[in-house]
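Asker: Take this structure first; my questions come after.
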Amino acid sequence: MKVLVTGSAGHLGEALVRTLRDQYEVVSIDVLPSPFTTHVGSIVDPAFVKHCMEGVQTVFHAATLHKPHVGTHSRQDFIDTNITGTLNLLEASVAAGVQRFIFTSTTSVFGDALVPPAGEPAAWITENVTPVPKNIYGVTKAAAEDLCQLFHRNHGLACIVLRTSRFFPEEDDHKDARDAYADENLKTNEYLSRRVDIEDAVSAHLVAAERALQTGFGKYIISATTPFSQEDLITLRTAAPKVLARLFPDYETVYTHYGWKFFPGIDRVYVNEKARKELGWQPKYDFRYLLERLRSGEGVKSPLAKIIGAKGYHAEGFTEGPYPVK
């Protein structure tokens, strides 16, 4: 089978190419050259996209402008890449007889729905929550999701939308968070509610491709399996360590060893139940698994995450953090 991966110079794109190339013929495209890119060019160019699509049966569309680009790129840039680029790929897919289209979206589409008003419980985020995008990134990813649904409905193209939570290895964009927590401490905390390992993100894309023809169209949250329940949401908002100590009595010993601490409160919990049930996805990297790795001195990063490393989002540096975010 011949597959196409977009964004092959990025974190997820490289991870997909590394995994897929052992089993399939992989065509990979990016605006940047890399050892994992077979065709350098832009998805905004329909002729380039058409050329790359010849003989392809499955598309993994991971190319995008990300949240870190909001402060450095125009809104039109986001529309061109995230909407027009996706449209070009969908149209070329239909013309070429592609069978499956797997679109990498983001939990950022939920936007302002992720943060409840002060005094309210933490938000329980499932696919039933209505997105309220708060920036051009969220708006364009939501629009691209709708394009996928349109092409499934009008052209019968099997499209699966995967709303991935955080898997980037770069430092957090919030200075307060960077100042308050060691980076691995911060990321380990997030696996309880809003992070996924890139190895699990890749496996989600693979099972989505396997189930695409059967499913037709679907949107799925891809995040580590949370141990929390809806009954925990009130306490999680203001006294999260209390909930964590009840569920993981041994966590404090591990955290003390590393000099770590947990967040005093969290405002959202991503729920991956639909992806596990409907796609058969089995994520490996959850908080319990990470505690076991920390206890044995292995660290929290998967082998794939270690190989790919941090890429950054900009050629230049910034004085106030890894990237500017408006």
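The values are calculated or read from the model by the stated rules, or taken from the named source; none is laboratory data. Worth saying up front: this structure is predicted, and the values here are computed from it rather than measured. Note: ideal-geometry Cβ built from the backbone for every residue, glycine included; neighbour counts use all protein chains shown.
Asker: Restricting to region 238-266, name every residue that is surrounded by fewer than 17 Cβ atoms within 10 Å (Cβ to Cβ) and in a loop (DSSP other than H, G, I, E, B).
Answerer: Once the filter is applied, which keeps residues that are surrounded by fewer than 17 Cβ atoms within 10 Å (Cβ to Cβ) and in a loop (DSSP other than H, G, I, E, B), region 238-266 yields P249, D250, G259, K261, P264, G265.
Asker: How many residues are out of contact with any Leu (no Cβ under 7 Å at 6 or more places or on another chain) and more than 30 Å from R100 (Cα to Cα) if we restrict to region 160-191?
Answerer: Number of matching residues: 18.
Asker: Further question on the same structure: Residues N128, N189, N185, N154: which one is assigned to a loop (DSSP other than H, G, I, E, B), of a type in the set (S, T, N, Q) and at negative phi? Reasoning before the result, please.
Answerer: Details: N189 fails: assigned to a loop (DSSP other than H, G, I, E, B); N185 fails: assigned to a loop (DSSP other than H, G, I, E, B); N154 fails: assigned to a loop (DSSP other than H, G, I, E, B).
Residue meeting the stated conditions: N128.
Asker: Pick from A224, A212: which is part of a helix (DSSP H, G or I) and buried (at least 21 other Cβ atoms within 10 Å of the Cβ)?
Answerer: Numbers: A224 fails: part of a helix (DSSP H, G or I).
Criteria check complete, one pass: A212.
Asker: For the list (1) under 21 Å from H205 (Cβ atoms); (2) surrounded by 15 or more Cβ atoms within 10 Å (Cβ to Cβ); (3) at pLDDT 95 or above, I need the number of the one condition that P46 fails.
Answerer: Going through (1) under 21 Å from H205 (Cβ atoms); (2) surrounded by 15 or more Cβ atoms within 10 Å (Cβ to Cβ); (3) at pLDDT 95 or above one by one, P46 breaks only (1).
Asker: Considering only residues that are closer than 18 Å to F167 by Cα and over 15 Å from the mean Cα position of the chain (by Cα), which ones fall in region 277-287? Explain how you work it out, then say what you get.
Answerer: In the first step, residues of region 277-287 are kept if they are closer than 18 Å to F167 by Cα; the result is 281-287.
Once the filter is applied, which keeps residues that are closer than 18 Å to F167 by Cα and over 15 Å from the mean Cα position of the chain (by Cα), region 277-287 yields Q282, K284, D286, F287.
Asker: Only one residue in L65, L89 is crowded, with 16+ Cβ neighbours inside 10 Å, in a loop (DSSP other than H, G, I, E, B) and in contact with a His (Cβ under 7 Å, 6 or more places away or on another chain), so which one is that?
Answerer: Numbers: L89 fails: in a loop (DSSP other than H, G, I, E, B).
Every option except L65 fails the conditions.
Asker: Under the condition of being in contact (Cβ under 8 Å) with a residue 24 or more places away in the chain and over 17 Å from the mean Cα position of the chain (by Cα), which residue from region 114-134 is surrounded by the fewest Cβ atoms within 10 Å (Cβ to Cβ)? Lay out the reasoning, then the answer.
Answerer: Initial filter on region 114-134 (in contact (Cβ under 8 Å) with a residue 24 or more places away in the chain): 114-116, 120-127, 133.
Add one more test, that the residue is over 17 Å from the mean Cα position of the chain (by Cα), and what stays is 115-116, 120-124.
Details: V115: 14, P116: 16, E120: 12, P121: 17, A122: 25, A123: 21, W124: 19.
In this case the residue turns out to be E120.
Asker: Further question: Check region 113-127 and report whether any residue there is more than 27 Å from S203 (Cα to Cα) and of a type in the set (D, E, K, R).
Answerer: Yes, region 113-127 contains at least one residue that is more than 27 Å from S203 (Cα to Cα) and of a type in the set (D, E, K, R).
Asker: Can you find a residue in region 67-79 that is polar (S, T, N, Q) and under 20 Å from the mean Cα position of the chain (by Cα)? Write out each step before concluding.
Answerer: Start the filter on region 67-79 by keeping residues that are polar (S, T, N, Q), which leaves 72, 74, 76.
Retained after the next criterion (residues that are under 20 Å from the mean Cα position of the chain (by Cα)): none.
Within region 67-79 (the criterion being polar (S, T, N, Q) and under 20 Å from the mean Cα position of the chain (by Cα)), the answer is no, since none of the residues qualifies.
Asker: Looking only at region 276-285, decide whether some residue is under 30 Å from L206 (Cα atoms), hydroxyl-bearing (S, T, Y), touching a residue at least 40 places away in the same chain (Cβ under 8 Å) and in contact with a strand residue (DSSP E or B) (Cβ under 7 Å, 6 or more places away or on another chain).
Answerer: Taking region 276-285 first, the residues under 30 Å from L206 (Cα atoms) are 276-285.
Add one more test, that the residue is hydroxyl-bearing (S, T, Y), and what stays is 285.
Filter once more, keeping what is touching a residue at least 40 places away in the same chain (Cβ under 8 Å): 285.
Checking the rest, the ones that are also in contact with a strand residue (DSSP E or B) (Cβ under 7 Å, 6 or more places away or on another chain) come to none.
Looking through region 276-285, none of the residues is under 30 Å from L206 (Cα atoms), hydroxyl-bearing (S, T, Y), touching a residue at least 40 places away in the same chain (Cβ under 8 Å) and in contact with a strand residue (DSSP E or B) (Cβ under 7 Å, 6 or more places away or on another chain).
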